[in-house]
Amino acid sequence: GAVVSQHPSRVICKSGTSVKIECRSLDFQATTMFWYRQFPKQSLMLMATSNEGSKATYEQGVEKDKFLINHASLTLSTLTVTSAHPEDSSFYICSARDGGNQEKLFFGSGTQLSVL
Amino acid sequence: SQKIEQNSEALNIQEGKTATLTCNYTNYSPAYLQWYRQDPGRGPVFLLLIRENEKEKRKERLKVTFDTTLKQSLFHITASQPADSATYLCALLINNNDMRFGAGTRLTVKP
C-alpha cells in the first residue's frame with residue numbers, strides 16, 4: 001500500500017520557538033494532504049486540508065497564522081507550529097489519499113510535540 | 001449537533017473470544033464508513049470500508065456491519081488474539097474530502 005512518511009516523530013522545544021513537521025508521500029502523488037491533531041484518548045481532529053499549489057483550507061477555530069501549512073510539491077506538505085506554547089503540545093498526524101484510490105486515507109506515523 | 005460516538009472507551013476480552021465494537025452517529029449521512037486501527041504513538045492504519053448500500057463486509061477475522069437506519073456500524077474481531085490489542089477508530093466520509101473520526105475504542109485482548 002501507499003506509504004506516508006512523517007518527520008520528526010518526536011520533538012521537544014522551548015516555548016516561543018517554531019517547529020516544522022514534514023509529511024511526504026513516498027510512492028504516490030498526493031494533491032491533497034490532511035493535518036490532524038490528537039490529544040490523549042481523544043479523536044483525531046482535522047486541522048486543515050493542504051492543497052498542492054494553493055492555500056490550505058483551515059477548520060473553524062484553527063489559527064492559520066499559528067499553524068502554517070505549505071504544500072509546495074505533489075509529495076510534500078509541511079506544518080509549522082509558530083511561536084509554540086505548552087498548550088500546543090499534542091500528537092500531530094498527517095494523511096493523504098492515493099490518487100488511484102481516493103477512499104482510503106494513508107497516515108503518517110505522527111509527531112509528538114512537547115513544548116516546555 | 002453532529003456526533004460520532006464509539007460507545008466504549010475501553011473493552012477487555014479474553015483471547016479467542018469475539019470482540020464487538022460499536023460506532024453510532026447522528027446528523028450525518030455518510031457515503032461510506034471506515035474502520036482504522038491505531039497503535040500507541042502511531043498513525044491509524046486502514047482496515048475496512050463499508051458503503052451505505054452494503055450491509056456487511058468481511059476481511060479475514062474482521063467483520064463490519066452498517067445499518068443506515070439505526071445509524072450504526074458494528075466491528076467484530078473473531079478468534080481475538082493479544083496482537084489485536086489496539087485502539088480502533090471509526091470514520092465517516094461526510095463530503096467528497098471530509099473524513100470525521102470517532103474517539104476510538106481501546107481493545108485489550110488478554111491471554
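A few remarks follow.
- Residue among B:Leu33, B:Leu70, B:Leu49 with the largest mean-square fluctuation in a Gaussian network model of chain B, springs linking Cα atoms under 10 Å: B:Leu70
- Normalising the average separation of contacting C-alpha pairs (under 8 angstrom, six or more residues apart) by the number of residues puts the relative contact order of chain A at 37 percent.
- Neighbour-count order for B:Ile50, A:Ile12, fewest beta carbons within 10 angstrom listed first: A:Ile12, B:Ile50
- Relative contact order (%) - chain B, alpha-carbon pairs under 8 angstrom, separation at least six: 36 percent
- Residues considered: A:Gly16, A:Gly53, A:Gly61. Largest GNM mean-square fluctuation over chain A, using C-alpha springs under 10 Å, is found at A:Gly61.
- Principal axis dimensions, chain B - Cα atoms, whole angstrom, descending: 40, 29, 21
- Loop-located GluC sites (Glu not before Pro) across the stretch B:26-70 with a Cβ neighbour count of 13 or fewer within 10 Å are B:Glu52, B:Glu60, with loop assigned by DSSP.
- Just so you know, the Rg over Rh for the stretch A:66-116 is 1.05, from Cα atoms, with Rh as the Kirkwood radius.
- For the protein assembly as shown: span of alpha carbons on each principal axis (Å, largest first): 49, 37, 36
- Whole-angstrom gap from the stretch A:1-47 to the stretch B:13-47, using each part's C-alpha centre: 21 Å
- Cysteines without a disulfide-compatible neighbour (Cβ-Cβ under 4.7 Å), the protein assembly as shown: A:Cys13
- The aspartates and glutamates within cross-link reach of A:Lys55, meaning a Cα-to-Cα straight distance under 15 Å and a gap of 8 or more places when in the same chain, are A:Glu63, A:Asp65.
- Placing +1 on each Lys and Arg Cβ and -1 on each Asp and Glu Cβ, with no other charges, gives the stretch B:8-79 a dipole about its Cα centre of roughly 180 debye.
- FRET efficiency estimate (nearest 0.05) - Cβ-Cβ, B:Ala31 to A:Asp27, R0 25 angstrom: 0.40
- Within a Gaussian network of chain A (alpha carbon springs, distance under 10 Å), most fluctuating of A:Ser43, A:Ser89, A:Ser25: A:Ser43
Throughout, read-outs are computed from the coordinates displayed, never taken from laboratory work. Keep in mind it's a predicted model, so treat the numbers as computed, not measured. For neighbour counting, all protein chains shown are included, and Cβ atoms are generated from backbone atoms with ideal geometry for every residue, glycine included.
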